[in-house]
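The values are calculated or read from the model by the stated rules, or taken from the named source; none is laboratory data. In this text, all values refer to a predicted model and were calculated from it rather than measured experimentally. In this analysis, Cβ positions are derived from the backbone assuming ideal geometry, glycine residues included, and neighbour counts consider all displayed protein chains.
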Amino acid sequence: MESPNVLVLRSISHPVASIDRVGFPLDHPYVEQCLLPWLGPSSVLFLRRMPELWKDADHAQVPSDELADLLGIKHDQLRRTLDRVDKFGFAKRPGPGQVHVYRRCAPLSTRLLARQPERARDAHHRLVAEHLDQLAHGGDSAAAQIRGLGERVQQRARPAPELGR
């Protein structure tokens, strides 16, 4: 059993199947450019760091002090960061020393998007359109779903899967 100061950071599927299939991966520019004003810098940096930590396995065991150092934050701020990514639906904490982080995330909801700075809203529209276009032309099984989603986004100028309802 790990000591309490070692975190097990596990990569897991998003509980919403459509987000898990077509959402933004955590290393996508959308996470930084669009979620930052809402989620905050340490939480965004935590999410962006996860794919690197998972490059060899679906989980990583990292001493909490080392993770705080990797993120450039104090240990007590790491606890608040983990609480925040849990509270805002990017992860769940099933037990002490365990953080299950979703591999993909949805675009911001219409309500949250309306509260973002203009540059973040512009980046949202551009990055969602690029992401949908890339997925639609990827030739995978989700392409038909993406085309339909893309048409709805164009009609509404807003994304379909939403965070922060």
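The requirement of being basic (Lys, Arg) and within 19 Å of the chain's Cα centre (by Cα) is fulfilled somewhere in the range 49-66, by at least one residue. Scan the range 16-60 residue by residue and report those that are outside any helix (DSSP H, G or I), free of Cβ contacts under 8 Å to residues at least 60 places away in the same chain and of a type outside the set (Lys, Arg). The answer is ASP27, GLY40, TRP54, ASP56, ALA57, ASP58, HIS59, ALA60.
Scanning the range 74-92 finds one or more residues that are modelled with pLDDT of 90 or more and in a strand (DSSP E or B). All of (1) farther than 17 Å from VAL8 by Cα; (2) in contact (Cβ under 8 Å) with a residue 12 or more places away in the chain; (3) loosely packed, with under 13 Cβ neighbours inside 10 Å hold for PRO96 with one exception: (1).
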